[in-house]
Amino acid sequence: MISESAKKTSRAAHAPSGRSSDLQGLGEPVLVARGLSKEFRGFQAVSGVDLSVARGSIHALIGPNGAGKTTCFNLLTKFLAPSSGEIIYKGRDITRTKPADVARLGLVRSFQISAVFGRLTVLENVRIALQRRKRGDSFDFWRSERVLHALDGEALALLEEVGLAAYSAAPALSLSYGRKRALEIATTLALDPDMLLLDEPMAGMGREDVEQTASLIRHVSVGRTILMVEHNLSVVAELSDRITVLARGRILAEGDYATISKDPRVVEAYLGARHD
Amino acid sequence: MSDVVQSPASPSSLPDSRAKTPKAIRLYLGVLLGIAAALVALPFAVYPIFLMKVLCFALFALAFNLLLGFGGLLSFGHAAFFGGAAYVSAHAAKVWGLNPEAAIACGALASMGLGVIIGWLAIRRQGIYFAMITLALAQLVYFACLQAKFTGGEDGVQGVPRGHLFGLFNLADDRVLYAMVAAIFMAGLLAILRVIHSPFGQALKAIRENEARATSLGFRVERYKLAVFILSATLAGTAGATKAVVFQLASLTDVHWATSGAVILMTLVGGMGTLFGPIVGAFVVVGMESYLAPFGAWLTIVEGLIFVTCVILFPNGFVGALAKKTAR
Ligand SMILES: Nc1ncnc2c1ncn2[C@@H]1O[C@H](COP(=O)(O)OP(=O)(O)O)[C@@H](O)[C@H]1O
Ligand SMILES: [Mg+2]
């Protein structure tokens with residue numbers, strides 16, 4: 001599978017949309033983790049991970065199931081407290097920051113399992129994010145929700161960006177899986193985050209949806225930094241500037257696709273995982 | 001998702017998204033008008049004292065349901081707010097000689113303060129732990145009421161004067177008293193509807209639907225939960241304070257855990273998370289207690305059997321079942 005995807009890479013590298021060409025122009029590190037570790041009752045899920053994500057890049061985190069990728073995301077966005085290590089975002093120590101405040105700093109995550117507000121409409125899903133960004137806190141329980149209609153236009157524009165405008169009045173739970181994921185991206189974009197953490201944005205999608213989502217990610221990556229967990233290696237090869245391979249909670253290799261796909265330890269980790 | 005990143009869909013979808021709203025609003029207004037009409041008509045058919053008891057408990061259940069249905073928090077100690085406020089308003093009316101509206105406001109404010117404390121302590125816990133902490137703290141309030149001087153121990157505060165509303169209207173007249181209780185109930189109901197349909201309510205719904213996602217959007221979830229907890233406590237207190245004035249009595253029954261249980265029952269029977277379900281639930285539970293009184297000690301068993309039947313037949317409560325039927 002690795003070698004097959006590697007062929008695709010070389011093709012992607014020549015494609016006009018390939019990002020590898022502007023790799024040199026990438027900025028300073030925007031998110032840095034040092035010695036990040038997490039232990040669950042004696043089980044070391046993540047150990048001593050050093051990660052540095054360059055501003056404006058698409059950085060992929062790959063590795064077999066159970067490698068600790070989601071745990072890493074939870075640590076970086078403070079949904080889990082690290083057992084040790086530190087996290088710096090935009091030069092600021094966020095190791096003790098609360099998850100909602102991390103989001104307010106512009107570091108926004110998605111979830112491996114699709115996360116929409118099911119009984120809210122599609123429009124309301126996006127609007128709730130706009131509400132948070134534009135109004136700050138909403139403790140005004142005495143005011144009519146009609147004031148939120150001021151945000152409808154912008155919410156609809158975001159839905160149009162991901163092709164969901166036609167479903168704006170439908171409850172989010174009625175959407176197909178792929179559309180739910182598109183809605184999540186629109187909701188995340190409503191926060192206008194500087195950095196996105198996407199946990200397996202294409203898991204469970206058919207080939208067509210994968211292609212749509214890949215171009216959507218490339219589209220939203222303009223002016224933003226993206227850290228992404230993804231199993232679809234051809235997508236990873238096509239999209240990412242830099243790849244970190246995680247196995248058993250440790251970093252196994254790091255580099256661009258050409259480098260890591262030739263790394264024998266990476267090949268072994270993937271083959272080993274497939275034998276399980 | 002074949003249309004992701006395609007050309008923008010036609011803007012004709014916008015009117016669509018609003019087309020639904022008027023229908024929902026009409027249904028809403030219809031129900032509200034129905035309730036208002038019932039408030040006017042019922043005293044001619046039903047014993048007003050019974051009605052006032054139902055209304056006090058209905059407001060209590062509405063307050064509880066605000067927390068459970070929209071905050072996603074199951075409190076097992078709401079009697080602390082209901083009963084605590086009853087004691088304070090009874091004391092304010094009897095000892096301080098305040099007008100009934102001022103006494104009720106004192107009770108509500110006391111519950112608000114109690115809500116800040118209990119909420120702050122409990123809000124960080126989830127599910128059953130939250131329920132246990134609210135129960136434990138409510139038991140503390142119960143023992144405080146048992147021990148404190150001003151609560152009158154086992155006797156409670158008796159002979160609370162009803163007084164004159166705003167110093168003008170004599171509440172000794174049951175019709176005037178009823179008008180006040182109905183007005184308080186209606187104001188409470190409208191307040192809750194406003195909370196639910198406010199920007200705050202919208203944030204609450206998002207948190208209820210997916211707490212982790214709401215957090216990842218930057219909502220400081222605990223603060224919203226604390227805020228809705230305090231609102232719920234204040235409204236529960238308003239109900240309890242009013243009850244003390246109506247029955248001229250605040251007693252240990254009001255702060256007893258069984259009262260916390262009763263309000264849960266009302267909400268479940270009426271339909272948890274439905275807007276108007278708790279009102280129906282309060283009617284059923286209070287009605288059963290009144291009309292099944294001749295059964296004496298058997299009351300609990302008969303009640304229990306009826307509830308079990310209800311829950312089996314209508315797992316979503318009466319109003320939940322009705323809503324499902326009309327939706328079809
Ligand atoms: N909350 C938790 N408690 C205990 N073990 C956990 C928890 N979350 C994850 N793990 C374990 O940590 C390891 C890494 O999980 P995860 O980060 O989800 O892997 P990945 O996302 O790479 O597939 C797995 O072995 C998993 O069972
Ligand atoms: Mg994972």
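The values are calculated or read from the model by the stated rules, or taken from the named source; none is laboratory data. Note that the structure is a prediction, hence the values are computed from the model and not measured. Because the Cβ atoms are built from the backbone with ideal geometry, glycine has one as well, and the counts that use them run over all protein chains shown.
Structure summary
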{"read-out": "Region B:160-189, residues that are in contact (Cβ under 8 Å) with a residue 40 or more places away in the chain and either within 14 Å of chain A (Cβ to nearest Cβ) or among the β-branched types (Val, Ile, Thr) (or both)", "value": "B:Val160, B:Val181, B:Ile184, B:Gly188"}
{"read-out": "The listed residue being facing chain B (nearest Cβ under 9 Å), under 23 Å from B:Ala24 (Cα atoms) and touching a strand residue (DSSP E or B) at 6+ places or on another chain (Cβ under 8 Å), out of A:Ala165, A:Ala169", "value": "A:Ala169"}
{"read-out": "Positions within region A:140-171 being within 27 Å of A:Arg218 (Cβ to Cβ) and aromatic (Phe, Trp, Tyr), in sequence order", "value": "A:Tyr167"}
{"read-out": "Residues of region A:164-186 satisfying the condition of being touching a Ser or Thr at 6+ places or on another chain (Cβ under 8 Å) and crowded, with 20+ Cβ neighbours inside 10 Å", "value": "A:Ala165, A:Tyr167, A:Ser168, A:Ala172, A:Gly178, A:Lys180, A:Arg181, A:Ala182, A:Glu184, A:Ile185"}
{"read-out": "Among (1) more than 10 Å from chain B (Cβ to nearest Cβ); (2) modelled with pLDDT of 90 or more - the single one A:Leu156 does not satisfy", "value": "(1)"}
{"read-out": "Any hit, region B:207-218, residues being within 20 Å of the chain's Cα centre (by Cα) and within 14 Å of another protein chain (Cβ to nearest Cβ)", "value": "yes"}
{"read-out": "Verdict on A:Tyr257 being within 16 Å of ligand 1 (Cβ to nearest atom), more than 13 Å from chain B (Cβ to nearest Cβ) and touching a helix residue (DSSP H, G or I) at 6+ places or on another chain (Cβ under 9 Å)", "value": "no"}
{"read-out": "Options A:Val116, A:Val53: the member that is within 28 Å of B:Phe70 (Cα to Cα), in contact (Cβ under 8 Å) with a residue 60 or more places away in the chain and either among the hydrophobic types (A, V, I, L, M, F, W, C) or within 16 Å of ligand 2 (Cβ to nearest atom) (or both)", "value": "A:Val116"}
{"read-out": "Qualifying residue in region B:46-64 (condition: free of Cβ contacts under 8 Å to residues at least 40 places away in the same chain, out of contact with any Pro (no Cβ under 6 Å at 6 or more places or on another chain) and surrounded by fewer than 20 Cβ atoms within 10 Å (Cβ to Cβ))", "value": "yes"}
{"read-out": "Residue check for A:Val126: among the β-branched types (Val, Ile, Thr), without any contact (Cβ under 8 Å) to a residue 40 or more places away in the chain, more than 16 Å from ligand 1 (Cβ to nearest atom) and under 17 Å from A:Asp192 (Cα atoms)", "value": "no"}
{"read-out": "Region B:183-230 - residue that is out of contact with any Pro (no Cβ under 9 Å at 6 or more places or on another chain) and of a type in the set (S, T, N, Q) and, of those, surrounded by the most Cβ atoms within 10 Å (Cβ to Cβ)", "value": "B:Ser198"}
{"read-out": "B:Thr274, sole failed condition from (1) modelled with pLDDT under 80; (2) surrounded by fewer than 24 Cβ atoms within 10 Å (Cβ to Cβ)", "value": "(1)"}
{"read-out": "Flag for A:Val108 being within 9 Å of chain B (Cβ to nearest Cβ) and crowded, with 22+ Cβ neighbours inside 10 Å", "value": "yes"}
{"read-out": "Residue match in region B:115-131 (condition: β-branched (Val, Ile, Thr) and over 22 Å from the mean Cα position of the chain (by Cα))", "value": "no"}
{"read-out": "Residues satisfying the stated conditions in region A:67-87, i.e. of a type in the set (Lys, Arg) and within 16 Å of ligand 2 (Cβ to nearest atom)", "value": "A:Lys69"}
{"read-out": "Near pairs, Cβ below 7 angstrom, 6+ apart or cross-chain, from region A:77-91 (farther than 12 Å from A:Ala33 by Cβ and in the same structural domain as A:Leu51 (by TED's automatic domain parsing)) to any residue that is β-branched (Val, Ile, Thr) and within 16 Å of ligand 2 (Cβ to nearest atom)", "value": "A:Leu80/A:Thr71"}
{"read-out": "Number of the exception - A:Arg127 against (1) on the phi > 0 side of the Ramachandran plot; (2) at pLDDT 95 or above", "value": "(1)"}
{"read-out": "Single unsatisfied condition, B:Gly287 versus (1) at pLDDT below 85; (2) farther than 24 Å from B:Phe70 by Cβ", "value": "(1)"}
{"read-out": "Criterion violated by A:Thr97 - all others in (1) at the interface with chain B (Cβ under 9 Å from one of its Cβ atoms); (2) away from ligand 1 (no atom under 16 Å from the Cβ) satisfied", "value": "(1)"}
{"read-out": "Of residues in region A:187-207 being within 19 Å of A:Leu239 (Cα to Cα) and of a type in the set (A, V, I, L, M, F, W, C), the one surrounded by the fewest Cβ atoms within 10 Å (Cβ to Cβ)", "value": "A:Ala203"}
{"read-out": "Answer residue from region B:135-167, given it is of a type in the set (Gly, Ala, Ser) and in a helix (DSSP H, G or I) and is farthest from B:Leu98 (Cα to Cα) among those", "value": "B:Ala136"}
{"read-out": "Residue count for region A:61-80, restricted to those that are under 14 Å from the mean Cα position of the chain (by Cα), more than 14 Å from every other protein chain (Cβ to nearest Cβ) and farther than 10 Å from A:Val46 by Cα", "value": "2"}
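This table checks each residue for (1) closer than 17 Å to A:Ser168 by Cα; (2) within 16 Å of ligand 2 (Cβ to nearest atom); (3) surrounded by 17 or more Cβ atoms within 10 Å (Cβ to Cβ); (4) more than 8 Å from every other protein chain (Cβ to nearest Cβ).
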site	(1), (2), (3), (4)
A:Tyr89	no, no, yes, yes
A:Asp93	no, no, no, yes
A:Arg104	no, no, yes, no
A:Val122	yes, no, yes, yes
A:Ile128	yes, no, yes, no
A:Arg135	no, no, no, no
A:Ser138	no, no, yes, no
A:Glu145	no, no, yes, no
